[in-house]
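The values are calculated or read from the model by the stated rules, or taken from the named source; none is laboratory data. These numbers were taken from a predicted model, which means no experiment stands behind them. All Cβ positions, glycine included, derive from the backbone under ideal geometry; neighbour counts span all protein chains shown.
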Amino acid sequence: MLDDNWLAICQIDDIPVLGARLLRRANHSDIAIFRNAEDRVFAVLDRCPHKGGPLSQGIVHGERVSCPLHGWQIGLDDGCALDPDVGCAQTFAVQCDERTVYMLRSELSQPEAAENTQALAASGA
Ligand code: FES
């Protein structure tokens, strides 16, 4: 049993295998909660570090997701684009207890970290 810092989000079976479930937040960007073939669960801001594509609509393979817009591959554990692409999406702590998925309450209310997407867009990447 996890302590009160962790909030139950969903059951792992609510997340499609090799896909994602979207966690909507009131005043912040949505979070994509991914499940891979091994039932590992990852939480990443639903904004590709390239041009903001919805990562939740990408296809999971291994511990990566392919962005549906231009195909960048994003690591699910660190949110970072695979070389030669650059930039990272914010990631969030996630834990599974039995089949329940939990996230940290404190992270859910945080605004997103530095906007790599805007920085890249401004540079013309
Ligand atoms: S917006 Fe994701 S690869 Fe371009």
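Is it fair to say Val86 is farther than 16 Å from Pro16 by Cα, within 14 Å of the ligand (Cβ to nearest atom) and β-branched (Val, Ile, Thr)? In short, yes.
In this structure, does Ala32 turn out to be modelled with pLDDT of 95 or more and surrounded by 20 or more Cβ atoms within 10 Å (Cβ to Cβ)? Here the answer is yes, as Ala32 does meet what is asked.
Taking the options Arg64, Arg40, name whichever one is over 11 Å from the mean Cα position of the chain (by Cα) and not hydrophobic (A, V, I, L, M, F, W, C).
Numbers: Arg64 fails: over 11 Å from the mean Cα position of the chain (by Cα).
Result: Arg40 is the single residue among Arg64, Arg40 that is over 11 Å from the mean Cα position of the chain (by Cα) and not hydrophobic (A, V, I, L, M, F, W, C).
Across the range 25-52, the number of residues qualifying as within 12 Å of the ligand (Cβ to nearest atom) and more than 20 Å from Gln110 (Cα to Cα) comes to 2.
Residue count for the range 91-106 under the criterion of being without any contact (Cβ under 8 Å) to a residue 60 or more places away in the chain, under 20 Å from His28 (Cα atoms) and out of contact with any helix residue (DSSP H, G or I) (no Cβ under 8 Å at 6 or more places or on another chain): the result is 1.
Taking the criterion of being out of contact with any Lys or Arg (no Cβ under 7 Å at 6 or more places or on another chain), within 13 Å of the ligand (Cβ to nearest atom) and of a type in the set (A, V, I, L, M, F, W, C), the residues of the range 58-79 that qualify are Ile59, Val65, Cys67, Trp72.
No other residue among Leu55, Leu2, Leu22 is modelled with pLDDT of 95 or more, closer than 23 Å to Arg105 by Cβ and more than 15 Å from the ligand (Cβ to nearest atom) apart from Leu22. Taking the range 31-56 as the range and being in contact (Cβ under 8 Å) with a residue 24 or more places away in the chain and closer than 16 Å to Leu69 by Cβ as the test, the residues that pass are Ala32, Val44, Leu45, Asp46, Arg47, Cys48, Pro49, His50, Lys51, Gly52, Leu55, Ser56.
Within the range 49-64, take every residue that is under 16 Å from Leu22 (Cβ atoms) and out of contact with any Phe, Trp or Tyr (no Cβ under 6 Å at 6 or more places or on another chain) and give me the one that is surrounded by the fewest Cβ atoms within 10 Å (Cβ to Cβ).
Checking each candidate, the answer is Ile59.
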